[in-house]
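Here the structure comes first, spelled out in C-alpha cells, and everything after it is commentary.
The values are calculated or read from the model by the stated rules, or taken from the named source; none is laboratory data. Because the structure is a prediction, the values reported are computed rather than measured. A quick note on method: Cβ atoms are made from the backbone with ideal geometry, for glycine too, and the neighbour counts reach across all protein chains shown. Surface areas here come from the heavy atoms of the whole protein model, side chains and all, with no ligands, DNA or RNA. Shrake-Rupley method; radii C 1.70, N 1.55, O 1.52, S 1.80 Å.
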Amino acid sequence: MRSASTQTGRQNRSGETSDPAGFLSDVKTLRARARKHIEEGAVTDDYGMNAKAAVKILNDALATELVCTLRYRQHSFVAKGINSEPIAQEFLVHSNEELAHADLIAKRIVQLGGTPEFNPDRLATLSHAEYKTCDTLEAMIRENLVAERIAIESYREMVRYFAQHDPTTRTMLEGILAIEETHADELSDLLH
C-alpha cells in the first residue's frame, strides 16, 4: 500500500502538496516564472528551442505559402481550354488554403517574438517553391504538383525539427502538411 504522501502528492519544503506524478512545478514556481520576462509573451523560459532559429524557419515557410498562393491564383485566372473551368476553380481553392496557411504561420511567428516577412523582394529568395507561369493547363498542374511535393518534404522536415521542443508549432505544421498532401493528391488525380 502507498503512503499518504504518495497518494496525494509530495509535500514541498513549505508544506504544500505538489503534483502526485512529480512532473509539474509547484504553483508558486509557475507564478514566479510567468511574471519573469513578461514582455516575451508566449516564449517562456522553458521554450525548448532557439526562438530566432524557429522564426527563421517559419519565415521561409511563410514565403513558400505566399509564393504558392500567388502562383495558384495566377493560374486560376489564366487557365484556358475546354476543361479549364473546374481546374481553375480548384486552383483558386488551393490559393485560398495556402493563404490561410500563411496567416497561421505569420501569427505563430509573432507569438514567438518575431516579425513575419512579407517583403515581396525577399519572398522569392526565401521560398522553397518557385513561382512559375505556364502556358498550358497540364503544365500548370505539373508545376503546382511539384511545388506541393516540395512543401510536403519541407513540412515533414519541420515537423521533425520542432517535434519535442515546440509542440504548438509542430501541431500547426502537421495540420498544414495534411492539407498539402491533399492538394498533391488532387493534382495527381487531375493529371490522370
Q. Taking Lys132 as the anchor, which lysines have their alpha carbon closer than 22 Å to its alpha carbon, excluding any fewer than eight residues away along the same chain?
A. Lys80
Q: Return the FRET efficiency for the residue pair Thr133, Lys36: r is the Cβ-Cβ distance, R0 is 30 Å, and the value is rounded to the nearest 0.05.
A: 0.05
Q.
Using a Cα-Cα cut-off of under 20 Å, which lysines could be cross-linked to Lys52, ignoring same-chain neighbours fewer than 8 residues away?
A. Lys36, Lys107
Q.
Just to be sure I understand the model, the point goes 7 Å from the Cα along the line to the Cβ. What's the resulting Leu99 to Ser188 distance in nm?
A. 2.8
Q: Give, in nm to one decimal, the length gained when the segment between Val78 and Ala53 is fully stretched (0.36 nm per residue of separation minus the Cα-Cα distance).
A: 5.2 nm
Q: Starting at the first residue of region 140-151, write each ³J(HN,Hα) from the Karplus equation 6.51 cos²θ - 1.76 cosθ + 1.60 with θ = phi - 60°, in whole Hz, x for Gly and Pro.
A: 5, 4, 4, 5, 5, 5, 4, 5, 5, 5, 5, 4
**Q.** For region 59-117, the fraction of alpha-carbon pairs in successive 10 Å shells from zero, as %
**A.** 26, 40, 22, 10, 2
Q: Mind checking the per residue accessible area of region 41-125 for me, 1.4 Å probe, whole number of Å²?
A: 51
**Q.** For peptides 171-183, 55-67, sequence by mean Cβ density within 10 Å, most packed first
**A.** 55-67, 171-183
Q) By average Cβ neighbour count within 10 Å, what is the ranking of 116-122, 75-81 from highest down? A) 75-81, 116-122
(Q) Can you classify region 59-192 as rounded, prolate or oblate using the Cα gyration tensor, where a ≥ b ≥ c are the square roots of its eigenvalues, rounded means a/c under 1.5, and otherwise it's prolate if a/b beats b/c and oblate if not? (A) prolate
